[in-house]
Amino acid sequence: MSNASHHDNAHDHDDAPHATLRGYLTGFVLSIVLTAIPFWLVMGKVFASSTLTAAVLIAFAVVQIVVHMIYFLHMDAKSEGGWNLLALIFTLVLVVITLAGSIWVMYHLNVNMMPAMSGMPSTP
């Protein structure tokens, strides 16, 4: 076995995901669909409730994030020995804590604000 063939065989067993045109096109089409559907939902006023519309949009956004991570960033449970997945979980935990804390603070600020000043006479 020559040195060149040994070198080529070493790269065949690499655990890194290999990018393909098909993979990129699949990710691109999924991204377009996952953008067009929410756009249609909002512009067509498909749901009467804005809360339901927002929940559906968030669900589509989460799915699109996963599509981008898999098809464009090539992240999975096996890449980088699992460290990418661990970093993703840590990032998601921090994002959830930050968002939940921000919403909690804004809600309590709104509840504890002084009554509206609309009934007071205006000063000249």
Checked pairs for the range 75-97, first more than 20 Å from GLN64 (Cβ to Cβ), second surrounded by 12 or more Cβ atoms within 10 Å (Cβ to Cβ) and of a type in the set (Gly, Ala, Ser), C-beta under 9 Å and 6 or more apart or across chains, list as GLU80/ALA87
Only residues that are surrounded by 13 or more Cβ atoms within 10 Å (Cβ to Cβ) and among the hydroxyl-bearing types (Ser, Thr, Tyr): list them for the range 63-102, please.
TYR71, SER79
Can you pull out every residue in the range 22-41 that is closer than 22 Å to LEU99 by Cβ and modelled with pLDDT under 95?
none
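The values are calculated or read from the model by the stated rules, or taken from the named source; none is laboratory data. For clarity, every value in this text was computed on a predicted model and none was experimentally measured. With ideal geometry, Cβ positions are generated from the backbone for all residues, glycine too; neighbour counts draw on all protein chains shown.
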